[in-house]
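These notes are about the structure you will find just below.
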Amino acid sequence: MKAALLVVDCLNDFLDLKGALNCGAAGRDAIPAVAREIAQARAEGMDVLYACDAHRPDDAEFELFPPHCLMGSWGAEIVPELRPQDGDRIIAKRRFSAFYGTDLDLTLRERGVDTLRIAGVCTNICVLYTTADARMRGYDVRIPVDAVASFDPTAHHFALGQLRDVLKASLEGTGE
Ligand code: ZN
């Protein structure tokens with residue numbers, strides 16, 4: 001087994017309370033757990049990758065959600081608490097899944113990674129669809145539950161159920 005940590009959308013627009021689509025207190029509360037995951041991954045010599053929304057002004061996703069994480073803007077920056085280090089890989093994405101239209105799969109395969117730990121936001125959107133795509137591609141997925149969050153608590157819990165029961169991701173660290 002070779003695992004890598006994927007930090008999903010830990011960007012100002014999602015995690016800063018001034019962000020365009022911020023997850024509120026739930027998002028703020030998840031930051032220390034994501035920081036713990038990053039520190040643990042580094043200590044264990046795991047690769048750390050960040051999947052980051054980076055939208056164009058006319059991005060078709062803005063038919064589904066209000067504008068957010070515009071390429072090069074403050075909202076698209078990784079929050080200061082979770083800054084990457086040299087050697088971390090940043091995967092810019094324009095859709096919910098970090099695999100869609102990106103070189104994430106190629107990057108993981110080049111590194112021999114077969115297991116992803118996924119942390120970040122939102123549980124019911126980018127975490128869920130990224131996990132779905134990871135599972136379709138044969139990766140094992142582990143999710144530390146305190147390190148994922150959503151603006152919508154009902155959707156968060158529904159998504160955890162889907163992640164566990166349908167996608168067979170391992171949920172770690174709670175009674176979920
Ligand atoms: Zn987006």
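Among the residues in the stretch 55-74, are any surrounded by fewer than 22 Cβ atoms within 10 Å (Cβ to Cβ) and within 14 Å of Cys23 (Cβ to Cβ)? So that I can check it myself, show each step before the final result.
So in the stretch 55-74, the residues surrounded by fewer than 22 Cβ atoms within 10 Å (Cβ to Cβ) come out as 56-67, 70-74.
From what's left, within 14 Å of Cys23 (Cβ to Cβ): 65.
Yes, that holds for at least one residue.
Among the residues of the stretch 83-108, write down those that are of a type in the set (Val, Ile, Thr), within 16 Å of the ligand (Cβ to nearest atom) and closer than 16 Å to Leu5 by Cβ.
Applying the first criterion (of a type in the set (Val, Ile, Thr)) to the stretch 83-108 yields 90-91, 102, 107.
Those still in the list that are within 16 Å of the ligand (Cβ to nearest atom) too: 90-91, 102.
Within the stretch 83-108, Ile90, Ile91 meet the criteria.
Of all residues being on the phi < 0 side of the Ramachandran plot and among the acidic types (Asp, Glu) in the stretch 1-29, which is most open to solvent (accessible area, probe 1.4 Å)? Just the residue, please.
The residue in question is Asp29.
Cys126 versus (1) in a helix (DSSP H, G or I); (2) farther than 16 Å from Val34 by Cα: which is the lone unmet condition?
In the conditions (1) in a helix (DSSP H, G or I); (2) farther than 16 Å from Val34 by Cα, Cys126 misses (2) alone.
Which count do you get for residues in the stretch 1-29 that are assigned to a helix (DSSP H, G or I) and farther than 16 Å from Ile125 by Cα?
Taking the stretch 1-29 as the starting set, the residues that turn out to be assigned to a helix (DSSP H, G or I) are 12-15, 24-29.
Restricting the remaining residues to those that are farther than 16 Å from Ile125 by Cα gives 12, 25, 28-29.
Number of matching residues: 4.
Those residues that are in contact with an Asp or Glu (Cβ under 7 Å, 6 or more places away or on another chain) and either modelled with pLDDT of 95 or more or of a type in the set (Val, Ile, Thr) (or both), I need them from the stretch 150-173; list them, please. Don't jump to the end; show me each part of the working.
Kept after step one, since they are in contact with an Asp or Glu (Cβ under 7 Å, 6 or more places away or on another chain), are these residues of the stretch 150-173: 160, 164, 173.
Leu160, Arg164, listed by residue number.
Tally up the residues in the stretch 75-108 that are assigned to a helix (DSSP H, G or I) and either of a type in the set (Ser, Thr, Tyr) or surrounded by 13 or more Cβ atoms within 10 Å (Cβ to Cβ) (or both), please. Talk me through it step by step, then tell me what you get.
Restricting attention to the stretch 75-108, the residues satisfying the condition of being assigned to a helix (DSSP H, G or I) are 75-76, 80-82, 104-108.
This time we only want the ones that are either of a type in the set (Ser, Thr, Tyr) or surrounded by 13 or more Cβ atoms within 10 Å (Cβ to Cβ) (or both), so: 75-76, 81-82, 104-105, 107-108.
Matching residues across the stretch 75-108 total 8.
Determine if the stretch 33-41 includes at least one residue that is within 16 Å of the ligand (Cβ to nearest atom) and touching a Leu at 6+ places or on another chain (Cβ under 9 Å). I'd like the intermediate steps shown before the answer.
First, pick out the residues of the stretch 33-41 that are within 16 Å of the ligand (Cβ to nearest atom): none.
No, there is no match, as no residue in the stretch 33-41 is within 16 Å of the ligand (Cβ to nearest atom) and touching a Leu at 6+ places or on another chain (Cβ under 9 Å).
Starting from the stretch 119-145, take each residue that is surrounded by fewer than 21 Cβ atoms within 10 Å (Cβ to Cβ) and list its partners that are part of a helix (DSSP H, G or I), counting only C-beta distances under 8 angstrom and pairs at least six apart or across chains.
Between residues of the stretch 119-145 that are surrounded by fewer than 21 Cβ atoms within 10 Å (Cβ to Cβ) and residues that are part of a helix (DSSP H, G or I), the close pairs are Arg137/Asp105; Val145/Leu160.
Results for (1) at pLDDT below 95; (2) within 22 Å of Leu108 (Cα to Cα); (3) touching a Ser or Thr at 6+ places or on another chain (Cβ under 9 Å); (4) of a type in the set (A, V, I, L, M, F, W, C), shown as yes or no for each residue.
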| position | (1), (2), (3), (4) |
| --- | --- |
| Ala4 | no, yes, yes, yes |
| Asp9 | no, yes, no, no |
| Phe14 | no, no, no, yes |
| Lys18 | no, no, no, no |
| Ala35 | no, yes, no, yes |
| Arg56 | no, no, no, no |
| His68 | no, no, no, no |
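Provide a single number: the residues in the stretch 42-54 that are within 16 Å of the ligand (Cβ to nearest atom) and either surrounded by fewer than 17 Cβ atoms within 10 Å (Cβ to Cβ) or of a type in the set (Phe, Trp, Tyr) (or both).
First, pick out the residues of the stretch 42-54 that are within 16 Å of the ligand (Cβ to nearest atom): 50-54.
Subsequent filtering for residues that are either surrounded by fewer than 17 Cβ atoms within 10 Å (Cβ to Cβ) or of a type in the set (Phe, Trp, Tyr) (or both) retains 50.
Total satisfying the criteria: 1.
Hey, can you tell me all the residues within the stretch 146-165 that are touching a Gly at 6+ places or on another chain (Cβ under 9 Å) and open to solvent by 90 Å² or more (accessible area, probe 1.4 Å)? I'd like the intermediate steps shown before the answer.
Of all residues in the stretch 146-165, those touching a Gly at 6+ places or on another chain (Cβ under 9 Å) come to 146-151.
Scanning the stretch 146-165 gives a single hit, Phe151.
The values are calculated or read from the model by the stated rules, or taken from the named source; none is laboratory data. Model, not experiment: these values are computed from the prediction. Cβ coordinates were reconstructed from backbone atoms using ideal geometry, including for glycine residues, and neighbour counts include every protein chain displayed. These area figures cover heavy atoms from the full protein model, side chains too; ligands, DNA and RNA do not enter into them. Shrake-Rupley method; radii C 1.70, N 1.55, O 1.52, S 1.80 Å.
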